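Below is one structure, written out as structure tokens; the observations come after it.
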Amino acid sequence: MSLRNYHYETYKHSIRVAKLSYNIANIMQLDIKEKITIYKGALLHDIGKVMIPINILAKPDKLTELEYDIMKLHPKYGADMLEVLTPLAYLTSTVLYHHERLDGTGYPYGLKIIPFGAQIVAVCDSFDAMTNDRQYRKAKSAFEAIRDLRECDAKYNQMLVSALENVIKTNTKAFEKNRESNGIAI
Ligand SMILES: [Fe+2]
């Protein structure tokens, strides 16, 4: 089962998050090997969602508490999938920790010390979720989303939020085009 076939919205989201994550890794001057690792980890960050029942994953309304608890299993499912695929096992930490937050309020473990790649994906993942419509709420503008990430300064690495702001400012046209095309044209 591919994520593309299972839930196309999550597939498109993953491509957008991967592109943004790569751009941030570039601004942070990581070496090419690390940049590619972050790009691939971001591409697969939500792969565990293929194990989430489609009636929960594609639910148009807000999730109930129980449904949300099931949804929160996806980082662990994704990590379990990658761990058995030996050539991709090195991407496990990015997938497993992308919902952890620096103040310890994230999941699955409530970590406060989070691998750098997972911190980059966390910022880009939240930004992409905020700047795209959900059926129960409208998308925010890029700059509203950045402001929200700044307000959550205990949760997100603010150096990475600044890097994201740079990426958006220097690529505003590409970002808008990317959004219009759902992230799969460029
Ligand atoms: Fe996720």
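Brief remarks follow.
- Any hit, the range 137-156, residues being farther than 21 Å from R16 by Cβ, of a type outside the set (K, R) and touching a residue at least 12 places away in the same chain (Cβ under 8 Å): yes
- Within the range 102-109, none of the residues are at pLDDT 95 or above, aliphatic (A, V, I, L, M) and part of a helix (DSSP H, G or I).
- The residues of the range 151-164 that are surrounded by 13 or more Cβ atoms within 10 Å (Cβ to Cβ) and either in contact with an Asp or Glu (Cβ under 7 Å, 6 or more places away or on another chain) or not in a helix (DSSP H, G or I) (or both), listed by number, are C152, K155, Y156, N157.
- Entry remark, the range 126-150: residues being in a helix (DSSP H, G or I) and farther than 21 Å from T170 by Cβ number 1 in total.
- Scan of the range 51-106 for residues that are more than 20 Å from S2 (Cα to Cα) and of a type in the set (K, R), ordered by number: K62, R101
- Restricting attention to the range 35-49 and to residues that are touching a Phe, Trp or Tyr at 6+ places or on another chain (Cβ under 7 Å) and more than 12 Å from the ligand (Cβ to nearest atom), the residue that is nearest to H13 (Cα to Cα) turns out to be Y39.
- In the range 13-36, the count of residues that are assigned to a helix (DSSP H, G or I) and over 30 Å from V167 (Cα atoms) is zero.
- Scanning the range 118-144 for residues that are more than 14 Å from the chain's Cα centre (by Cα) and either surrounded by 13 or more Cβ atoms within 10 Å (Cβ to Cβ) or not hydroxyl-bearing (S, T, Y) (or both) returns D133, R134, Q135, R137, K138, A139, K140, A142, F143, E144.
- Residues of the range 51-74 that turn out to be under 18 Å from Y97 (Cα atoms) and either more than 12 Å from the ligand (Cβ to nearest atom) or without any contact (Cβ under 8 Å) to a residue 12 or more places away in the chain (or both), as a count: 4
- One residue stands out among those in the range 37-52 that are of a type in the set (A, V, I, L, M, F, W, C) and in a helix (DSSP H, G or I): the one that is farthest from the chain's Cα centre (by Cα), which is M51.
The values are calculated or read from the model by the stated rules, or taken from the named source; none is laboratory data. Because the structure is predicted, anything quoted here is derived from the model rather than measured. Note that we place each Cβ from the backbone using ideal geometry, even for glycine, and neighbour counts take in every protein chain shown.
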